[in-house]
Each structure stands twice: as structure tokens, then as C-alpha cells.
Amino acid sequence: MRATPLPEFMLEPAFDPAGSSRDAIGASAVAAQGLNIRHGTILTLEEINVSFDGFKALTDLCLYIGVGELRCIIGPNGAGKTTMMDVITGKTRPDSGVAYFGETLDLTRMSEVEIAQAGIGRKFQKPTVFEALSVFENLELAQKTSKTVWASLRAKLSGEQKDRIDEVLQTIKLDASRQRPAGLLSHGQKQFLEIGMLLVQDPQLLLLDEPVAGMTDAETEFTAELFKSLARKHSLMVVEHDMGFVGSIADHVTVLHQGSVLAEGSLAQVQANERVIEVYLGR
Amino acid sequence: MSLPISITVAQKAGPKLTATALGVVLTVLVALPLLHLLPADSAMYVSAYTLTLIGKILCYCIVALALDLVWGYAGLLSLGHGLFFALGGYAMGMYLIRQSAGDGLPAFMSFLAWTELPWYWYGTSSFLWAMCLVVLAPGLLALVFGFFAFRSRIKGVYFSIMTQALTFAGMLLFFRNETGFGGNNGFTGFTRILGFDITAAGTRAVLFLATVALLVGSLYLGFKLARSKFGRVLTALRDAENRLMFCGYDPRGYKLFIWVLSAVLCGLAGALYVPQVGIINPSEMSPTNSIEAAVWVALGGRGSLIGPLLGAGLVNGMKSWFTVAFPEYWLFALGFLFIVVTLFLPKGVIGLLRRKSS
């Protein structure tokens with residue numbers, strides 16, 4: 001394989017799916033009944049290549065995310081982090097390579113909508129919420145339910161769904177602003193709202209692109225706690241530049257560089273890796 | 001509790017005031033056709049001219065509302081809604097002209113020395129089938145066009161240009177005599193509808209009331225849609241389509257639904273317009289007509305339901321006054337109005353009213 005030794009690629013999933021995590025997945029398993037996670041890997045990327053007009057954004061990228069794992073992705077600008085998320089969510093089609101969600105769902109053949117419905121949620125780098133709608137309505141739209149035209153025409157929130165939204169509003173500390181238009185929220189609040197939208201969407205795999213950008217220290221700390229509590233029930237993939245934040249949440253860290261994996265392991269291991277130091281500190 | 005941005009003037013200006021205003025307008029609209037039934041020398045008599053003019057404006061109001069549903073809510077600026085309006089009008093016109101022609105061919109076909117009706121005229125002597133055509137012709141065209149446009153993710157100005165091209169193509173097609181719709185003269189000289197004299201006071205009154213009913217119905221439907229989750233999904237789609245897709249919504253179905261609904265409403269408005277005005281010809285499909293409809297909506301305030309009605313009413317009211325008083329200055333006035341609204345009233349007249357009341 002490439003420069004990195006093989007064992008580091010094949011990380012054990014953080015949780016044994018046959019054990020307690022089966023129950024922990026709980027509600028998520030209902031949504032994606034077809035999702036086969038027998039081997040404990042929720043996301044498989046192998047030999048992914050993406051190029052834009054000759055520029056190779058991803059080169060033979062291989063990455064595995066275990067069920068219930070919280071994985072941080074770091075890497076210098078242009079390392080391909082966002083492109084990788086685009087491939088996973090169907091926004092970009094890889095030139096070649098294999099991308100599986102669970103054991104059976106081929107992400108390279110599914111549309112963005114199908115992928116979202118199958119249980120992959122994404123938070124964008126720039127917080128994107130529905131600005132004209134209130135905070136409550138943002139959560140209402142994101143909530144996991146049938147999303148066909150007919151269903152929306154007849155939709156009425158059940159007590160249970162309302163309770164769930166209220167619960168999430170408490171969690172993201174936006175309960176007081178529930179009726180405010182989302183466009184009037186501060187940057188940090190929008191970040192939380194978008195995280196809240198992911199929570200009510202209840203995906204099995206969450207992709208979070210720079211979730212703590214623009215947050216205060218207290219907010220960052222709170223987000224770290226929130227993510228840690230989400231892992232186990234969900235699998236998370238977090239792209240972040242804030243090393244303090246990465247250190248506080250990550251089980252495992254993957255370093256991307258020029259479109260492929262440079263190193264993988266715990267944060268300490270990765271930080272000690274000479275090639276990583278070379279890339280980050282310049283040559 | 002949770003209201004979409006569509007909050008009509010109702011929520012801001014105090015429900016009482018708006019309800020009163022709407023009630024007064026509705027009462028006047030119902031009274032007008034009844035007053036038309038009075039003897040012509042009565043003091044309260046409403047002339048056929050006035051009644052027809054207001055009926056025409058009400059049809060335009062429905063178009064404005066339909067356009068607002070796709071533009072104000074779903075963010076799809078159509079510059080081709082005149083086509084759907086005209087198609088509904090033509091479907092109605094086919095029935096009317098066959099009523100007038102009795103058992104023979106419509107006069108324009110005799111001029112062309114045609115001996116039998118083209119196949120697509122089959123069944124148009126039946127009012128029911130004509131009504132089906134009123135819905136089907138604009139509906140199916142919108143369905144097919146929308147299906148391909150939304151599947152190819154055509155958005156923004158490209159979408160507007162394509163709709164504009166569509167209505168222009170329609171106009172050129174209908175201008176041809178060979179198309180079988182009377183060429184550039186279109187249809188006129190209607191005499192009867194459902195056996196009644198089309199110019200009789202009673203017929204006019206019923207047509208007017210039908211228009212009022214359609215307007216109220218469309219308004220109610222729009223209100224229901226705007227307050228449903230469907231309406232909120234449309235708003236979300238307008239502001240952040242990508243985000244919505246990653247929430248698991250397929251925008252295509254949503255766009256297609258509102259697009260076809262809007263086209264059908266336009267078709268119905270066109271069908272009521274033709275018997276009242278007494279003529280339909282291809283100039284209804286001219287791009288400027290569709291652009292003018294967009295001006296009504298922008299002027300009234302898009303994204304609200306009452307706004308476009310105000311816009312259509314104001315512009316057309318002014319138009320009929322101007323074109324009588326200072327005919328040569330109307331286009332200048334329209335242009336001036338549009339500039340003023342763009343510069344000073346970004347949310348339209350309705351935005352001004354809301355600001356005043358709060």
C-alpha cells in the first residue's frame with residue numbers, strides 16, 4: 001500500500017456492533033433497515049480518485065469508519081477534506097473507487113437525496129440554515145419523517161415529534177429563540193441550529209465540516225461534550241482545524257494530505273509522525 | 001404559532017382590520033354584478049364596461065397569485081405565465097366559437113377553405129370537455145416542461161429565459177393560420193355560452209361571480225399551502241436548496257407540484273377572461289404580457305398572498321385610467337412605477353403597509 005503501514009488503515013471499530021451498540025443504535029436502525037453493518041464498518045472508501053480539470057483532489061483515498069466511532073479528519077488546506085465529504089454525500093462523483101455505506105449501499109450510484117434518506121447527515125462548512133423560517137420550523141423540516149410531497153401537504157406534528165424538537169431545542173440552547181427567524185441568529189447559534197437539524201434528522205453517520213468555526217471557547221467546549229455523547233449512538237466524522245477541539249473529542253484522527261491518507265491513529269501518535277510534522281510545519 | 005414568511009397583512013396589521021378590509025372588498029365584488037342587473041337608468045347601475053373591466057382585473061389577480069406561488073415561495077421566476085393563461089383562454093375560446101358557429105365550421109376555418117375540423121378540435125362543442133382542456137392543456141405542458149427543467153436542475157435566470165422562450169414559441173405557433181386557432185386574429189365574435197346570450201346582463205353577472213369565486217378559492221388554497229409544511233419546504237427550497245436535499249427532500253417533486261398547480265390556476269383564469277373580454281388572440285402569449293405579470297407581483301410584494309393581488313389591481317387600474325387619460329404616457333408611468341418600487345419598496349406595497357402598521 002501507500003506510505004502508511006497497513007495496520008493503521010485497518011483500525012478496529014470503536015464499538016463492537018454485535019454487543020451493546022446494537023441497542024444503542026436504537027431508533028436509527030429503524031430508519032435504515034436496509035443498512036447492513038455486520039462487519040462493524042459504517043463507511044468504506046477504497047481507492048477513491050477525483051480530479052477537477054486535471055487537478056487531482058483525491059488520490060487513491062482509503063478510509064474506513066467504524067460503527068459508533070468518532071473520527072476526526074485533519075489536514076492542511078486543499079488536502080481534499082471537503083471533496084471527500086462531497087463524494088460521500090453524492091455531490092461529487094468519483095472518477096474511480098468504491099464507496100459503501102454499511103456493507104451494501106453503493107454511494108457512487110445513489111443521488112444526494114437517497115443518500116440523505118439512507119442515513120447520512122451533513123453539516124456544511126458555512127452554516128446553512130433556512131433563514132426565512134423560524135428556528136422551530138428549521139428543526140421541523142429536518143426532522144426524520146416521510147419527506148414526499150404528499151406527506152408534506154398533509155403533515156401535522158405529532159406530540160412525540162414536538163417533544164423531540166423541544167428536547168433538541170433545549171440541547172442546543174435555542175429554546176428561547178424558537179420563534180425567531182433563523183436568519184437573525186448569531187454565527188455560533190446558526191452552527192448549533194444546524195447541528196440540531198442533524199440531531200432531529202437522526203442519521204447514522206454524521207459528517208461535520210468545521211463545526212466549531214466561529215464559536216466561543218465555551219461553545220466549543222459544549223460542542224465537544226455534545227459530540228462525545230452522540231458517538232456510540234451515531235458514527236461521526238468531523239473535519240476540524242482546531243487541534244484543541246480535536247484532542248478533546250477524537251478516538252482516532254486521520255490526516256489527509258494531497259488527496260490521500262497520510263497518517264492515522266490517536267492524536268498523540270499522529271502528532272509524533274514525522275511526515276505529518278513535515279507537512280504541517282512546512283518543508 | 002409557527003408561521004411561514006408568508007404572513008399576510010393579517011398577522012401584522014391586526015386580524016380585525018384585515019378581516020374588515022377583506023370583507024368590504026368581497027362585499028363590493030359580490031354587489032357589483034347584482035347592481036349590473038338593475039335597469040340601465042337606475043342611479044346604482046353598474047355599466048357593462050365597468051363590470052367587464054373589473055372582471056378582467058380579477059382574472060389578472062389570479063395570474064398574479066399563481067405567479068407568486070412559484071416565484072415568491074419557490075423562487076422560480078417564470079416569465080412565461082402568459083402562455084398558460086392563453087392556453088386556458090384558447091380552450092374556452094374553442095368551445096365558445098363552436099357555440100357561435102352552431103353546426104357549421106368556425107368562420108375562420110371556412111375562410112381557409114377547410115372542410116372539416118382538425119382532430120384536436122374533437123369534442124370541443126361539449127362544455128365539459130372544454131373545461132377539461134382548460135385544465136389539461138396548461139397542466140400537461142407545465143408538467144412536461146417542468147419535469148425536464150427540474151430534472152436538469154435549471155434554476156434562476158436560465159429558468160426565466162427558458163419560460164420566456166416557451167411563451168414566445170407558443171405565440172409564433174399560434175400566429176400561424178395552419179395551427180388551426182385562427183392565426184393572428186384568434187377567436188372573437190362569441191355569441192352564446194351554455195345556450196345563454198354572452199352579452200346578457202345575467203350571463204355577465206354569473207361570469208363575474210365565477211371569477212370572484214375562483215379568486216377566493218385560489219387565495220384560500222394559497223393560504224392553506226403557505227401555512228402547511230409544504231409551504232415551508234418551498235421557502236426552504238428557495239433559500240437553500242442544497243441544505244434541503246441533504247435533509248432528505250427531493251426538490252423536483254415539490255417544484256413540479258407548485259409549478260403545475262400555478263399553471264392550472266392561470267389556465268382557469270384565462271378561461272374566465274375570454275368570455276368576459278370577448279376575444280383571445282396570440283398577443284396574450286407575447287413575452288411582454290408575462291413580464292408585466294412579474295411586475296404586478298414585484299410591485300405588490302412577492303412572498304405574501306395579498307401583495308400580488310394589490311399589485312395586479314393597482315397596475316391594471318392605473319393602466320385603464322392612464323390609457324384613457326394620457327394614452328401615450330402609460331409605458332413611461334409603468335417604467336417609473338417599477339423603478340420606484342425597486343428603489344424604495346423592496347418588499348412591495350404590502351411591505352409598505354406592514355411597516356406603516358407596525
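The values are calculated or read from the model by the stated rules, or taken from the named source; none is laboratory data. Source: prediction; values computed, not measured. Note that each Cβ is placed from the backbone with ideal geometry, even for glycine, and that neighbours are counted across all protein chains shown.
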Among (1) touching a Pro at 6+ places or on another chain (Cβ under 8 Å); (2) under 30 Å from B:Ser78 (Cα atoms); (3) among the charged types (D, E, K, R), the one test that B:Arg176 misses | (1)
Listed by first then second residue, the pairs whose first member lies in segment B:232-250 and is more than 11 Å from A:Arg122 (Cα to Cα) and more than 7 Å from chain A (Cβ to nearest Cβ), whose partner is surrounded by fewer than 20 Cβ atoms within 10 Å (Cβ to Cβ) and of a type in the set (D, E, K, R), with beta carbons under 8 Å and at least 6 positions apart or on separate chains, are B:Glu241/B:Lys155
Sort out which residues of segment A:238-283 are aliphatic (A, V, I, L, M) and assigned to a helix (DSSP H, G or I), and write them in order of number.
-> A:Met243, A:Val246, A:Ile249, A:Leu267, A:Ala268, A:Val270, A:Ala272, A:Val276, A:Ile277, A:Val279, A:Leu281
Taking first residues from segment A:169-188 that are loosely packed, with under 13 Cβ neighbours inside 10 Å and second residues anywhere that are at pLDDT 90 or above and of a type in the set (Ser, Thr, Tyr), the pairs with Cβ under 8 Å that are 6 or more apart or on different chains are A:Gln179/A:Ser134
Scanning for something away from every other protein chain (no Cβ under 11 Å), within 17 Å of B:Phe147 (Cβ to Cβ) and at pLDDT 95 or above, does segment B:266-276 turn up at least one residue?
-> no
Filter segment B:254-265 down to the residues that are crowded, with 24+ Cβ neighbours inside 10 Å and away from chain A (no Cβ under 14 Å), then identify the one that is nearest to the chain's Cα centre (by Cα).
-> B:Leu265
How many of the residues making up segment B:130-154 are in contact (Cβ under 8 Å) with a residue 24 or more places away in the chain and either outside any helix (DSSP H, G or I) or closer than 19 Å to B:Gly104 by Cα (or both)?
-> 1
Residue list for segment B:219-237, filter: buried (at least 21 other Cβ atoms within 10 Å of the Cβ) and over 17 Å from A:Glu140 (Cβ atoms) | B:Gly222
Across segment A:216-232, which residue is surrounded by the fewest Cβ atoms within 10 Å (Cβ to Cβ) among those that are in contact with a helix residue (DSSP H, G or I) (Cβ under 6 Å, 6 or more places away or on another chain) and either among the β-branched types (Val, Ile, Thr) or modelled with pLDDT under 85 (or both)?
-> A:Arg232
Of everything in segment A:74-119 that's within 11 Å of chain B (Cβ to nearest Cβ) and assigned to a loop (DSSP other than H, G, I, E, B), which residue is farthest from A:Val255 (Cα to Cα)?
-> A:Ser111
All but one of (1) within 14 Å of chain A (Cβ to nearest Cβ); (2) surrounded by fewer than 22 Cβ atoms within 10 Å (Cβ to Cβ); (3) over 19 Å from the mean Cα position of the chain (by Cα) hold for B:Gly195; which doesn't?
-> (1)
